[in-house]
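Below: the structure, in structure tokens.
The values are calculated or read from the model by the stated rules, or taken from the named source; none is laboratory data. Keep in mind the model is a prediction, meaning the values are calculated, not measured. Cβ placement follows ideal geometry from the backbone for every residue including glycine, while neighbour counts extend to all protein chains displayed. Surface areas here come from the heavy atoms of the whole protein model, side chains and all, with no ligands, DNA or RNA. Shrake-Rupley method; radii C 1.70, N 1.55, O 1.52, S 1.80 Å.
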Amino acid sequence: MQLIENHFGLVFIDDKDRVVSFPTAIKRLRKDRELSQPGLAKLLSITTGTVCGWEHGSPPTRAMLLLIKRVFFSEGEYAPVEPFVFSVKAIKELRESQGLTIAKFTHLLGVSTQAYERWMDGHSPTKYILLLIQLTFVKK
């Protein structure tokens, strides 16, 4: 199984160069590594119900797709990702270090500029947004 990233997002390709749906791909990836649904859930720090949902057609979040990419398609042994630790200063410094405007930063995360303003007022982003920040902007 291969993973190709293009303007449509992440596309899974099987050994016969056919596009594979996400439910089929995640099930094959899990079984190829001899993981049960609970085993994959534990690896990704999600519920077994979420894995089951994916295998039956529920779409994953962007953060989860990035995590799946890291787990199954990275070189070397997977080490669990520690979520980005929230602080107003850390988010602002991260955005500025990337040379991003507030509008571009929030667009890349798929959130509103109002959400960013709430973060600057001290309200923490959700754990999924923190994971997405980690996977998108913070180097290994």
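Some points to look at:
- The modelled label-to-label distance for the pair T48/H123, using points 7 Å beyond Cα in the direction of Cβ, is 3.6 nm.
- Solvent exposure ordering (accessible area, 1.4 Å, most first) of K104, K69: K104, K69
- Computed on the chain, with alpha-carbon pairs under 8 angstrom and 6+ residues apart, the relative contact order is 19 percent.
- Rolling a 1.4 Å probe over the heavy atoms of the protein chains gives the chain an accessible area of 61 Å² per residue.
- In a simple Cβ point-charge model (Lys, Arg +1; Asp, Glu -1; nothing else charged), the chain has a dipole of about 120 debye relative to its Cα centre.
- Rounded accessible area of V85 (nearest 10 Å², 1.4 Å probe): 110
- The chain, accessible surface, carbon-and-sulfur percent (1.4 angstrom probe): 53
- Per-residue 3J(HN,Hα) values for segment 11-22, derived from phi via the Karplus relation 6.51 cos²θ - 1.76 cosθ + 1.60 with θ = phi - 60°, read 10, 8, 10, 7, 5, 9, 6, 9, 5, 10, 5, 4 Hz in sequence order (x marks Gly and Pro).
- One chain, two ends: Q98 and V138. Fully extended at 0.36 nm per residue, the span grows by 13.4 nm beyond their Cα-Cα distance.
- Computed helical MRE - 222 nm, the chain, DSSP H runs ≥ 4 contributing -39500 (n - 2.57), nearest 500: -15500 deg cm²/dmol
- Amide H partners (placed H, <5 Å) of L35, local residues excluded: none
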